[in-house]
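What follows is a single structure, written as structure tokens, with notes after it.
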């Protein structure tokens, strides 16, 4: 039996969490309860919502949790751009993480399309 841990989108979400946590180590200490807290929560919510959605009773519910993950991706992207503009992170760190976000977004959107096809086949 397959679980959420078998999904590439979940695995990539976990990688993004690791990247975000490492990246946040360089933020100013006074941002610990500001943008650092916000960006970490948003990152953790991505694979968490994928996991929770996969355990739900229907594909339609799973789709809704995937959309929540997409929202968190957009939130992280915005927070990274703000962090870069405030000089908390480098252009290189921004670009690297944006690439990961874009890859995960594409995979997540494709997975949602797949789930929608499956949900409406029955």
| Could you give the distance between the Cα centres of the stretch 25-46 and the stretch 86-108, to the whole Å? | 15 Å
| message | Given a 10 angstrom Cα cut-off, can you work out which residue in 35, 101, 46 is the most mobile in a GNM of the chain? | response | 35
| field | the stretch 4-121, relative contact order in percent, only Cα pairs under 8 angstrom and at least six apart counted | value | 30 percent
| message | Between helix 8-24 and the chain, what is the angle of the helix's C-alpha long axis to the longest principal axis, kept within 0 to 90° and rounded to the nearest 10? | response | 10 degrees
| request: Scale the Cα Rg of the chain by the rule-of-thumb value 2.2 N^0.38 Å and send over the ratio, two decimals. | output: 1.12
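Only the coordinates and a few stated rules stand behind these numbers; no lab work does. Just so it is clear, the model here is predicted, and its values are computed rather than measured.
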